[in-house]
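Each reported figure results from applying straightforward, stated rules to the coordinates on display, with no laboratory input. Just so you know, these numbers come straight off a predicted model, no measurement behind them. Note that each Cβ is placed from the backbone with ideal geometry, even for glycine, and that neighbours are counted across all protein chains shown.
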Amino acid sequence: AGAGGAVAGYVLRRAPSAAYMADRPFGHGDEAALVMAAHGAGVRAPEVVGVLAPDDGLGTGYVMRRVTGEVSPAKILVDPPPSLLGDLGRELARIHGVPLASVPAAIPLIDTRAALGELRSRFLTYGGDRPAIALAIKWCEDHLPGAAPPVLVHGDYRMGNVMVDEAGLAAVLDWELAHRGDAHEDLAFGCMSVWRFGHLERPAFGVGSLADYFAAYEAAGGVKVDPARFRFWLVYRTLWWALGCLQMGQAWRSGADRSVERVVIGRRTAEQELDLVVLLEEDAPESERARPLPPSPGAAPAPTGEPTNREMVEAVRGWIEGAIKPASQGHAKFEAVVAMNALGIVLRDLDAGARAEDKALADALLSGETTLAEPGLLAQLRRAALDKCAVDSPKYAPLAAARADWRG
């Protein structure tokens, strides 16, 4: 208990065993040391008050002093505090100003060229047959910026990973992707369409303008923002998340995580493919940007005989909605909703007849044999992105915006 009898709150971040953390570049001990270094440098990182020891029998982890605030982007972005955008810029500058000498040696230095090569390898492992992703990989290879002086990069600096109260930014959370690298990676990540949570009119975090964000960051000591470098990282991290979603599907397929939620996230790749086309279309000739879109595949004829696959799926989805979901509570109810979403994707997929895979085109784009100057290619990519996203994520806000812009 504190002064006046108030009870102090604490939060335990833990994993059940060291094996659980085996695929991560650093463990909870180094993560705790990093958070302490950031906190000591004036960053609004949680205050670490203890690190678990093997004798504790609780796995690996650390204890933080509790911070109160809102985390949900949906709630925050309805009416963000007036200071929030400035806070986000200032706090990122503070993170980038953390002395690297205080950062644990286990926090890796990321070589962008090598990391991009790893993304290419993963893409080929996953089939190498998604043209929008192939286009983005080749674009990143062709626009790779020179090395920048390394700073501490948070790696996941976005809405959803910060706590906000009525005064503004209260805490920066989720440091497990931290590394040493290019400051512009952090600058761009929170500005991805997916992390604006529907507020596309506010390109910086869904909160405000890029100009105000950059000004706040630079005024607090951040590096001078380079628009070309910022654009590279916006494309790169969108590509990274597209492959991250595909990886979720691979995790389900391998048996590593057989949850319904995991396999549904695997279909969110379509969101990032749409965003990649939006980000890269400006490189196409004006005549191609003005070209009308080809039509979507036609609808299947109405069924007349035995129940179709679509009707079977529709029946199961209706049963979950009518009988299972109302009787469920807590996480079971959440899983019922996710299951309904999964079956909704299947229903729309069966209706649409649209496929994202095109190995020949992906190969041609990845090699540079085909570019956005190819007559009709941009229109084809736009149509494919619209149709696939309409199947997999019909409520994704950039879908409606792209449909209006492309007259699709």
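Can you list residues whose amide H is under 5 Å from residue 171's amide H, if they're 5+ apart or on another chain and H is modeled 1.01 Å from N?
Amide H neighbours of residue 171: 163.
Hey, what do the phi angles of segment 290-303 turn into as Karplus ³J(HN,Hα) couplings, whole Hz, using 6.51/-1.76/1.60 and θ = phi - 60°, x for Gly and Pro?
After applying 6.51 cos²θ - 1.76 cosθ + 1.60, I find 8, 5, x, 7, x, x, 6, x, x, 6, 6, x, 4, x Hz.
Would you mind computing Rg(Cα) / (2.2 N^0.38 Å) for segment 226-380, counting N as its residues? All intermediate terms of the calculation are to be shown ahead of the outcome.
Values: Rg = 19.7 Å, N = 155, 2.2 N^0.38 = 15.0 Å.
Ratio of Rg to 2.2 N^0.38 Å for segment 226-380: 1.32.
How do the peptides 369-381, 101-113, 147-159 rank, highest first, by the average count of neighbouring beta carbon atoms within 10 Å per residue?
On the way: 369-381: 16.7, 101-113: 13.7, 147-159: 19.9.
By packing density, highest mean first, the sequence is 147-159, 369-381, 101-113.
Would you look at the GNM of the chain, springs on alpha carbons closer than 10 Å, and say which of 56, 257, 351 moves the most?
56
Tabulate in residue order the Karplus-calculated ³J(HN,Hα) for segment 253-262, using 6.51 cos²θ - 1.76 cosθ + 1.60 with θ = phi - 60°, rounded to whole Hz; enter x for Gly and Pro.
Result, rounded to whole Hz: 5, 7, x, 5, 8, 9, 6, 5, 4, 5.
Under a 5 Å amide H to amide H cut-off, with H placed in plane at 1.01 Å, what residues pair with residue 51 once short-range neighbours are removed?
For residue 51, whose amide H was placed from the backbone, the distant partners under 5 Å are 63.
Mind ordering 387-400, 80-93 by average Cβ neighbours within 10 Å, highest first? Walk me through the intermediate numbers first.
Numbers: 387-400: 19.6, 80-93: 21.2.
Top to bottom by mean Cβ count within 10 Å: 80-93, 387-400.
Report, by chain and number, residues whose modeled amide H sits under 5 Å from the one on residue 70, excluding near sequence neighbours (fewer than 5 apart, same chain).
164, 165
Could you estimate the translational diffusion coefficient of the chain from the Stokes-Einstein equation, with Rh from the Kirkwood formula over C-alpha pairs, at 20 °C and 1.002 mPa s, in whole µm²/s? Write down the numbers at each step before the final one.
On the way: Rh = 23.3 Å.
Translational diffusion coefficient: 92 µm²/s.
Take the alpha carbon atoms of segment 221-297, find their center, do the same for segment 93-116, and report the distance between the two centers in whole angstrom.
25 Å
I'd like the FRET efficiency for residue 312 and residue 355, computed as 1/(1 + (r/R0)^6) with the beta carbon distance as r and R0 of 30 Å, rounded to 0.05. Walk me through the numbers before you get to the answer.
Working: r = 21 Å, r/R0 = 0.71.
The value I calculate is 0.90.
Roughly how tilted is helix 397-406, in degrees to the nearest 10 and between 0 and 90, from the longest Cα axis of the chain?
50 degrees
Would you mind classifying segment 153-290 by shape? Square roots of the alpha carbon gyration tensor eigenvalues, ordered a ≥ b ≥ c; an a/c under 1.5 is rounded, otherwise it is prolate if a/b is larger than b/c and oblate if not. It would help to have the intermediate numbers written out before the result.
Working: a/c = 1.83, a/b = 1.17, b/c = 1.56.
The shape class here is oblate.
I'd like the FRET efficiency for residue 126 and residue 283, computed as 1/(1 + (r/R0)^6) with the beta carbon distance as r and R0 of 30 Å, rounded to 0.05.
Values: r = 25 Å, r/R0 = 0.82.
That gives a FRET efficiency of 0.75.
Of 393, 143, 360, which is farthest along the charge dipole of the chain in the positive direction, counting Lys and Arg as +1 and Asp and Glu as -1 at C-beta?
About the Cα centre, the residue reaching furthest to the positive side is 393.
Please say if segment 307-352 is rounded, prolate or oblate, where rounded means a/c under 1.5 for a ≥ b ≥ c the square roots of the C-alpha gyration tensor eigenvalues, and otherwise the choice is prolate for a/b larger than b/c and oblate otherwise?
Working: a/c = 4.51, a/b = 1.92, b/c = 2.36.
Oblate, since a/c reaches 1.5 and b/c is not below a/b.
Below 15 angstrom from the Cβ of residue 282, what's the summed charge of the other residues (Lys, Arg +1; Asp, Glu -1)? Before the final figure, lay out each step's value.
Numbers: positive: 231, 289, 291, 382; negative: 142, 275, 281, 283, 286, 288, 405.
Residues close to residue 282 contribute a combined charge of -3.
Can you work out ³J(HN,Hα) from phi for every residue in segment 344-353, in order, using Karplus 6.51 cos²θ - 1.76 cosθ + 1.60 and θ = phi - 60°, giving whole Hz and x for Gly and Pro?
Result, rounded to whole Hz: x, 4, 4, 4, 5, 5, 5, 6, 7, x.
Which of rounded, prolate or oblate describes segment 179-235 when judged by the alpha-carbon gyration tensor and an a/c cut-off of 1.5? Please list the in-between numbers first.
On the way: a/c = 1.95, a/b = 1.31, b/c = 1.49.
Verdict is oblate for segment 179-235.
Could you tell me the distance between the Cα centroids of segment 119-155 and segment 368-408, to the nearest Å?
Cα centroid of segment 119-155 versus Cα centroid of segment 368-408: 20 Å apart.
Under a point spin-label approximation (7 Å from Cα along Cα-to-Cβ), what is the residue 142-residue 201 distance to one decimal in nm?
Computed distance between label sites residue 142 and residue 201 equals 3.5 nm.
Can you pick out the pairs among 138/224; 333/359; 325/388; 325/359; 75/395 whose Cα atoms lie more than 29 Å from each other? Could the numbers behind the result be given before it?
On the way: 138/224 27 Å; 333/359 39 Å; 325/388 27 Å; 325/359 40 Å; 75/395 18 Å.
Exceeds cut-off: 333/359; 325/359.
If packing is taken as the average count of other Cβ atoms within 10 Å, what order do 197-206, 216-225 fall into, highest mean first?
The most tightly packed comes first, giving 197-206, 216-225.
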